[in-house]
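**Student:** This is the structure, below, for whatever I ask next.
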Amino acid sequence: MERKRPFRLETCFKLGLFGNICFVAFIIICLIYYYTFSPSGTFRLGFDIAAYIVEFAGFGLMALAIAGICCIVRQRGLMKTLLSVYVCVEVFLMLLDFDFIHLDVYNGRSNLLIILHAIFSALVGFSLLSLDPKRTRLEMLVGIAVSMILAGMFSAVLNLRVYGSILMNAFAYIFFFASLRYYYNREEIEIDCYGDRAKVQEYKSTFFKDE
C-alpha cells in the first residue's frame, strides 16, 4: 500500500496564497500608519507589532511553500532557485521601504529600482512555466500573473515608491496560487512529483523489458 505524502503540493499552493495575502496586509498596515499617525509624530506601538507579525507570517508561509515545492517537485532547479531568491528580495525591499532597515544609499522612489524589480519579478514568474510546460492553461495563468507584475512599473510613472511594484507582485501571486490550486485539483494541470507512481513509470526505461 502506497504511503500518503504528509506534505502535499496543494498545501504549498495554499501556503503561497496566504503568504502573499499577508504581504498585502503588511503594506496596508504600514500605509495606514505612515499616512495617518507618522506625519503628526504620533507613535502607535500596535501598528508596529501588527506589521511585524504579519510580515514575518508572510515570509514564513512563503518560505514553507517554496521549501515544500523544492522537496516535492522533480528537477526544475532554476525555478526553485529563482523563487527562493525572490522571497528574500521582496522581504528585504519591504523592510527597507518602510524603514524597518535603514540604508543611506536606498531610494524607494528610484525609477531604475522599480523597473529592475519588475523585470526580475517577471523573470521569476516566467520560470513557473516549467511546472507543466505542455499545458496551455498554465501558460495563461503565468501570462496574466507576469502582466500584473510588469504593470508594477507604472509605480514609477505615478511617482509611487517601490512598494507599489511589490504590491502588484503580491496580487499577481495571489491570483496565480489560487488559480493553480484550482486547476491542479481539477487535474487540468499536472506536475510530476517525487513519489508519484504514474510519473515514475514515464521515466522508466523499457529497453530491457521482455517481449
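**Student:** Go through segment 168-201 and give me each residue that's at pLDDT below 80 and either under 15 Å from residue 134 (Cβ atoms) or of a type outside the set (Lys, Arg) (or both).
**Tutor:** Matches in segment 168-201: 194, 195, 196, 198, 199, 200, 201.
**Student:** Any chance you could count how many residues in segment 63-117 are charged (D, E, K, R), surrounded by fewer than 17 Cβ atoms within 10 Å (Cβ to Cβ) and under 17 Å from the mean Cα position of the chain (by Cα)? Break it down into steps so the answer makes sense when it comes.
**Tutor:** Keep residues of segment 63-117 that are charged (D, E, K, R), which gives 74, 76, 80, 90, 97, 99, 104, 109.
Now drop any that are not surrounded by fewer than 17 Cβ atoms within 10 Å (Cβ to Cβ), which leaves 74, 99, 104, 109.
Retained after the next criterion (residues that are under 17 Å from the mean Cα position of the chain (by Cα)): none.
Count: 0.
**Student:** From the set of residues in segment 87-111 that are acidic (Asp, Glu) and out of contact with any Phe, Trp or Tyr (no Cβ under 6 Å at 6 or more places or on another chain), which is farthest from residue 121 (Cα to Cα)?
**Tutor:** Filtering first and then ranking leaves 104.
**Student:** Let me ask you something else. Looking at segment 124-176 only, could you name the residues that are surrounded by fewer than 16 Cβ atoms within 10 Å (Cβ to Cβ) and either touching a residue at least 60 places away in the same chain (Cβ under 8 Å) or assigned to a loop (DSSP other than H, G, I, E, B) (or both)?
**Tutor:** If the condition is that a residue be surrounded by fewer than 16 Cβ atoms within 10 Å (Cβ to Cβ) and either touching a residue at least 60 places away in the same chain (Cβ under 8 Å) or assigned to a loop (DSSP other than H, G, I, E, B) (or both), then 133, 134, 158, 159 are the ones that fit.
**Student:** Among the residues in segment 36-54, are any in contact (Cβ under 8 Å) with a residue 12 or more places away in the chain, under 17 Å from the mean Cα position of the chain (by Cα) and assigned to a helix (DSSP H, G or I)?
**Tutor:** Scanning segment 36-54 turns up at least one residue that is in contact (Cβ under 8 Å) with a residue 12 or more places away in the chain, under 17 Å from the mean Cα position of the chain (by Cα) and assigned to a helix (DSSP H, G or I).
**Student:** Take residue 29 and tell me if it is surrounded by 13 or more Cβ atoms within 10 Å (Cβ to Cβ), more than 30 Å from residue 190 (Cβ to Cβ) and in contact with a Ser or Thr (Cβ under 9 Å, 6 or more places away or on another chain).
**Tutor:** In short, no.
The values are calculated or read from the model by the stated rules, or taken from the named source; none is laboratory data. Owing to the predicted nature of the structure, the values given are computational and were not obtained by experimental measurement. Ideal geometry is used to build each Cβ from the backbone, glycine not excepted, and the neighbour counts take in all protein chains shown.
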